[in-house]
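Okay, handing you the structure first.
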């Protein structure tokens, strides 16, 4: 039976996530993470896209991403191909590196983007890898923090405006409010976990 064609909505942010084939590790060391970032830069130069949140975990990745000019499947497909070529060559492997299809959930409102961004940025925290998202190197959370070194430039494809614009005030005030909101969202998330309640965050796996 043929697979259903993906629906692409230009100017709509999607929560995109994909993982290693059979849940295998995608990023073993720092150079792998850096290469993945370089792949994103390369693809961005060919087919511009906008990301407002990302997180690269050891065996999967998350983006909140939109594309205006090219179908999202084309962009993600090229990212996967370029990284898979590098990965198989480096580790002397053949075959699929990623699972067959990536997950993509359209985020229909700024509120859903905001909620999904919590899930993306707090993925390392909820996986018990770090105590704070600011302590995880491979995510965009630091660019939403006042503690981000001013010398550290965000990737050219990253825009914090879609999320920060949800909050009032100047950029400093918006970052403070976003961090406070994320902390409260995390408290709510963990409380519902402890109570055994169902947890529904738009765009989660």
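Can you tell me the relative contact order of the stretch 1-152? Whole percent, Cα pairs under 8 Å, sequence separation 6 or more.
30 percent.
If you build a Gaussian network model of the chain, linking Cα atoms that sit under 10 Å apart, which residue out of 41, 105, 69 swings the most?
So, out of 41, 105, 69, the one fluctuating most is 69.
Shifting gears a bit: Using all Cα-Cα distances in the chain, what percent lands in each 5 angstrom bin from 0 up to the longest?
Taking all Cα pairs of the chain, the binned fractions are 1, 7, 15, 20, 21, 17, 12, 6, 2, 1, 0 percent.
What order do you get for 164, 9 when you list them from fewest to most C-beta neighbours inside 10 Å?
9, 164
Per the Kirkwood formula on distinct C-alpha pairs, the Rh of the stretch 52-131 is how many angstrom?
After inverting the pairwise mean of 1/r, the radius is 14.5 Å.
Further question: Add -39500 (n - 2.57) for each DSSP H run of 4 or more in the chain, then divide by its residues: what number comes out at 222 nm, to the nearest 500 deg cm²/dmol?
-12500 deg cm²/dmol, from helical runs alone.
Same structure, new question: Order these peptides, 82-88, 55-61, 19-25, by their mean beta-carbon neighbour count within 10 angstrom, highest first.
55-61, 82-88, 19-25
Please determine, in degrees from 0 to 90 and to the nearest 10, the orientation of helix 30-46 with respect to the longest principal axis defined by the Cα atoms of the chain, where the helix direction is its Cα long axis.
The angle comes out near 80 degrees.
None of the figures in this text is laboratory data; all of them are computed from the coordinates on show. These numbers come from a predicted model, not from an experiment. FYI the Cβ positions are ideal-geometry reconstructions off the backbone, even for glycines, and counts take in every protein chain you see.
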